[in-house]
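Data block below; observations after.
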Amino acid sequence: MNPGLPNLWSQNETESTWKWGTAIVFIAASLTLYYISANKVLLLAVFPEWPESLDIPHQAVMLVSLVSFLIFQVLHYYDGKNACIRGLRGRLKVERPDRGDYVPSAISRVSMQAALGAAAVGAINTLAVKDCPARFALGMLGLATMLAMVSILCYAHASRWTDTSSDKSLPGKKPRIRKDLLDKATALDQFSWYALTTGLIWSIALVSPAVAILANGGLGLLLWGYYFEFVSINDRDATQALPDCAAPTAPSPNPPAEVTPAAPLDKEAG
C-alpha cells in the first residue's frame, strides 16, 4: 500500500472511518431486516391496528427504506461540517463548482425522474391490487413527481438571473436571487430522488418484499460508491490539496510573554 494512503483507499483516518463505517452499518441493517422479513419476526407490534395487507415482510420493507434514508441524511449532515470526511457534499462545498453548468443537466435528469414517477404511478394504479402497500407506493411516487416538477421550475428560473443578462435594473441582487432558486431546486431535487427510489422499492415489494430489501441494499451500495472517492494508490496528485485533518495541538501552558517595545529616547533630555 502506498505509505501516503494507509487508510484503505482513503486519504485520512476520518474519511476511512466514515466511508467503511457507513457501509458496515448499512449492510448490517439491510441483513437484519431481510432476516426479519424472511423469518416473519414480530415487528411493529405496538401498533395493533395495522391493515392486514401490511404484514411483517412489508413492514420490514418500510423500515429498511426509512433506515437507509436516515443513514444517508446523517452522512450528508456531518460531511457538510467536516471537510476530512471527503464525501460528495463536503467536496462540493470546498471546491465550489460552477453551479450554472449544472442546471441544464439537472433539468434533464429531474425531468426523467418526473416521467419515471408518473409512469410508475400509472402502472401501479392499473395493474396492482389497491391494498395498503400499493397506496404507500403510489403516494411516494406521486410525491416524487410533484417535487421534481417544482424543482424543474426553480432550476429553469434560476437560469434567468445571471450576471451577464441584459437587465441591469437589479444590480447586486441577481446573484442572490439565483442562489436562492438554486438552493430550493437542489433541496427539492434531493428529496424527490429519495421519494422516487423509496416508491420504486415499495413497488418491488408488491411482488416480493424479500427482493425489495435486496434491491434496496444494492441501490444503497451503488449510492455509497457514488458518494465517496476511492483513491488509486498511484494517484499522488490527489494528496496535494488535502485539508489539515491532524488533531489540533494543545496550547502551551506557559505562553510567551508579550514584548513591549521600548519607549523612544528623549533627544532633548540631558
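The values are calculated or read from the model by the stated rules, or taken from the named source; none is laboratory data. Small disclaimer: the values here were computed from a predicted structure and weren't measured. All Cβ positions, glycine included, derive from the backbone under ideal geometry; neighbour counts span all protein chains shown. We work out accessible area using only protein heavy atoms, side chains counted, and drop any ligands, DNA or RNA first. Shrake-Rupley method; radii C 1.70, N 1.55, O 1.52, S 1.80 Å.
Structural remarks
- Where VAL129 falls short, out of the listed (1) at pLDDT below 85; (2) open to solvent by less than 80 Å² (accessible area, probe 1.4 Å); (3) of a type in the set (A, V, I, L, M, F, W, C): (2)
- Each residue in segment 180-228 was checked for being surrounded by 17 or more Cβ atoms within 10 Å (Cβ to Cβ) and among the acidic types (Asp, Glu), and 1 of them qualify.
Okay, residues lined up against (1) modelled with pLDDT of 85 or more; (2) open to solvent by 20 Å² or more (accessible area, probe 1.4 Å); (3) closer than 17 Å to LEU206 by Cα; (4) acidic (Asp, Glu):
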| position | (1), (2), (3), (4) |
| --- | --- |
| PRO51 | no, yes, yes, no |
| ASP55 | no, yes, yes, yes |
| MET62 | yes, yes, yes, no |
| SER65 | yes, no, yes, no |
| HIS76 | yes, yes, no, no |
